[in-house]
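Input: a single structure, listed below in structure tokens.
The values are calculated or read from the model by the stated rules, or taken from the named source; none is laboratory data. In this text the structure is predicted, and so the values were computed from the model without any measurement. Every residue, glycine among them, receives a Cβ derived from its backbone with ideal geometry; neighbour counts consider all protein chains shown. Please note that ligands, DNA and RNA were not included when accessible areas were found on the heavy atoms of the full protein model with its side chains. Shrake-Rupley method; radii C 1.70, N 1.55, O 1.52, S 1.80 Å.
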Amino acid sequence: DAYELRVAADHELGDGWRGTVGAQYVDIDFEALGDEAFVPRSKTKATSLFLFEERHFDRWTIELGARAEQQKIDPDAAAGLPSFDETAISASAGTVWKFAEDRAFAVNVTRTQRNPQAAELYANGPHVAEQRFIIGDPNLDQETAVTADVSLRRTGEGIQWTLNAYYNDYSDYIFERPTGEIEDDFPVFVVGQDGAKL
């Protein structure tokens, strides 16, 4: 069972800035039942604040964004697992240069954090949909990424297209690693973290 509330307000500031400010609240009561119950019951509560601002100049647009998300996950006490309680902070900055009537070039740089989810922290059993026996890690840290991307695009009449290039550099990237073992007729995967580049 999940409930989500999100409020946002558009605004304009002096000197040509405009944007959106808002808040989001998520409350999840998760329980897997039956033979496929590979994650213990847990309650997740997340509160977020976010802000996006942009300003247009003649041929340029500047875009700035930020988000803070406080997340708490409490597993069922009978599971004997620790709670997770962290705040993830993300920020972005970008610019768009409209160098022709129907063409633009954009550059964005972001630093994002992602809190692990209940299944990544507490899984311990066969995940039939994935055909894997998954073992989570209750001591996972936040996943952090620094990303740069550029794009060239054509809009307007006729053929529209976009070319993108990006680079992501992760620390503590969360992934499922095969162990080579078999449990309940499924290959065993453990959730872990490591640096990653995409």
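Surface calculation, 1.4 Å probe, protein heavy atoms: Arg6 sits at approximately 140 Å² accessible.
The protection proxy used here, the mean number of other Cβ atoms lying within 10 Å of each residue, ranks peptides 121-132, 15-26 as follows, highest first: 121-132, 15-26.
If you put +1 on each Lys and Arg Cβ and -1 on each Asp and Glu Cβ, how big is the dipole of the chain around its Cα centre, in Debye rounded to 20? Please report the intermediate quantities before stating the final value.
On the way: 18 positive and 36 negative charges, 199 e Å.
Around 960 debye, computed over the chain.
Taking one quarter of the surface of the convex hull spanned by the alpha-carbon atoms of the chain gives a direction-averaged projected area of 14.7 nm².
Each residue of the range 106-117 is assigned a 3J(HN,Hα), and the resulting list reads 10, 10, 9, 10, 9, 10, 10, 10, 10, 7, x, 9 Hz, derived from the Karplus form 6.51 cos²θ - 1.76 cosθ + 1.60 (θ = phi - 60°), x at Gly and Pro. Put a plus charge on the Cβ of each Lys and Arg, a minus charge on the Cβ of each Asp and Glu, and nothing anywhere else: the dipole of the range 1-95 about its Cα centre is then about 280 debye. Here the Karplus relation 6.51 cos²θ - 1.76 cosθ + 1.60, evaluated at θ = phi - 60°, turns the backbone of the range 164-174 into coupling constants of 10, 9, 8, 9, 10, 10, 9, 10, 6, 4, 8 Hz, with x for every Gly and Pro. Surface exposure of the range 108-158, expressed per residue as accessible area with a 1.4 Å probe, stands at 49 Å².
Measuring nothing but how far apart in sequence close Cα pairs (under 8 Å, 6+ apart) lie, relative to its length, the chain scores a relative contact order of 14 percent. Heavy-atom surface analysis with a 1.4 Å probe gives the range 1-158 a carbon and sulfur content of 54 percent of its accessible area. Take every DSSP beta bridge whose two residues both sit in the chain; close to 95 percent of them are antiparallel. Please check which bits of the range 106-146 a label hung off Ala68 would reach, taking the label as a point 7 Å along Cα-to-C-beta and the cut-off as backbone N under 18 Å. Only 111-115, 142 fall inside the zone, counting backbone N under 18 Å.
Summary of the geometry: the range 5-29 and the range 53-102, compared by the centres of their Cα atoms, lie 12 Å apart.
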